[in-house]
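Derivation of every value follows stated rules applied to the coordinates shown; laboratory data play no part. Since we're looking at a predicted model, the values are computed, not measured. Cβ coordinates were reconstructed from backbone atoms using ideal geometry, including for glycine residues, and neighbour counts include every protein chain displayed.
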């Protein structure tokens, strides 16, 4: 718990609008991916085909959609950012691995590695000073 408090103090002292904008953009992108995963059935079928070998493929796909939609909104507002990121990490790791299980797509591989790195950064950095977390903390 002390580590999280130290990280929050450091992040609040070194917060910039650019980092908050980056967090918001990551949130919007994850929300967009959740929406596109629901609406684009061809995209859905490609990943469902890759996951047929594993048990619970439908459960995994439903988890991905829900975590992207809810986690994306939470990141945009900066609400429970670390928890939202923690829910995204298995999805992004799976997006990285699915390139080796199914059809290799370099663009998706680079994007998943980049998002995974950004999520690790925000897992350590937190939501920053311009977020709902900071606002609610100051209201106490």
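Considering 73, 101, which residue is surrounded by fewer than 17 Cβ atoms within 10 Å (Cβ to Cβ), closer than 19 Å to residue 27 by Cβ and in contact (Cβ under 8 Å) with a residue 40 or more places away in the chain? Just a single option satisfies the conditions, and that option is 73. Here residue 62 clears all of (1) closer than 13 Å to residue 31 by Cβ; (2) loosely packed, with under 15 Cβ neighbours inside 10 Å except the condition numbered (1). Of all the residues in region 108-138, those that are in a helix (DSSP H, G or I) and either at positive phi or surrounded by fewer than 17 Cβ atoms within 10 Å (Cβ to Cβ) (or both) number 15.
Taking the criterion of being farther than 17 Å from residue 37 by Cβ and assigned to a helix (DSSP H, G or I), the residues of region 70-83 that qualify are 74, 76, 77, 81, 82, 83.
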